[in-house]
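Here is the structure we will look at.
Throughout, read-outs are computed from the coordinates displayed, never taken from laboratory work. It should be emphasised that the depicted structure is a prediction, and the values quoted were computed from it without experimental measurement. Methodologically, a virtual Cβ is constructed for each residue, glycine included, from the backbone with ideal geometry; neighbour enumeration extends over all protein chains shown.
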Amino acid sequence: MRTLSPQEINRIDQRLESLKIQYLEIFHELRDHYFTELEKKSEEEFDASFQQLNEAFAWSVVKKMEKELRKATNRQIGHLQLDSLKFWNLGWEENLAYASWSVLLILAFVNFGVTGLLFTTSILAFMVILGIWYKLGVKDALNLSISRHKPLNSLKVGVFSRIGFAFGMLTWIHFGTKLSSDDAILDSSQFILGFIILLASLYLLSLVKVAFDQKLKTN
């Protein structure tokens, strides 16, 4: 085993950056693999071994790795969301929180119709974002630079993308309420929209649980 020179390390990093790797986990995995293999080689063998690794981890191979990681991440988030909605397996504190939220939604619907229900659920959506900022952070979930590509944490990307889906759902629901002739509670269209909002609310509640779940693997 030997220590790679700064020039050799720079070549490895340039190669990985050229692949535009989407996820941080894959970037670290490949970088560690390059280091492990090349540290076994002498300086004279570096070029040939480096080229072999480049061929082994071609662009198509890396994209396949990203696809598999994305599937695994979505499964993990989905399982945690589903578990968070199994009320019979939750503690009394969590069930009390769910019951309190349900009462709040009912009061919002009775007093203000779908508009009140939508507003209340929007508050929950912001709670999800705050929870994820607290637990996961945004450093490795959002790339705010327009000049430099950087890999992102797959789990954080998955959770944030689901928040985007929920917000998009709420936007279309809001558009639907504007098409309704009135905001009467007994209007059948209002009940349909209210039911959809309740589903969105449950979806967001499950994301709150995911954001604070201790089993969440963020590294």
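Observations
- Computed from backbone phi, the HN-Hα couplings of the range 10-19 come to 5, 5, 5, 5, 5, 4, 5, 5, 5, 7 Hz, rounded to whole numbers (Karplus: 6.51 cos²θ - 1.76 cosθ + 1.60, θ = phi - 60°; Gly and Pro given as x).
- 3J(HN,Hα) along the range 54-67, derived from phi through the Karplus expression 6.51 cos²θ - 1.76 cosθ + 1.60 where θ = phi - 60°, amounts to 4, 6, 5, 10, 5, 4, 5, 5, 5, 5, 5, 4, 5, 4 Hz, with x in place of Gly and Pro.
- Computed from phi, the 3J(HN,Hα) profile of the range 34-49 under the Karplus parametrisation 6.51, -1.76, 1.60 (θ = phi - 60°) reads 4, 4, 4, 6, 6, 5, 7, 9, 6, 4, 5, 8, 4, 4, 5, 5 Hz, with x in place of Gly and Pro.
- Cross-link pairs beyond the 27 Å C-alpha cut-off, checked among Lys86/Lys156; Lys40/Lys156; Lys71/Lys150; Lys67/Lys150; Lys41/Lys156: Lys40/Lys156; Lys41/Lys156
- In whole percents, the pair-distance distribution calculated for the range 6-57 from its alpha-carbon pairs, binned every 5 Å from zero, is 4, 20, 36, 25, 11, 3, 1.
- Leu152 long-range amide H proximity, modeled H, under 5 Å: Tyr23, Leu24
- Derived from the Cα gyration tensor, the three semi-axes of the equivalent ellipsoid of the range 62-103 are 33, 9, 6 Å, largest first.
- Column: log10 I(q)/I(0), Debye, Cα scatterers of the range 18-119, q = 0.19, 0.24 Å⁻¹: -0.98, -1.19
- Selection from Trp101, Met65, Leu19, by position along the positive dipole direction of the range 1-119 (Cβ): Trp101
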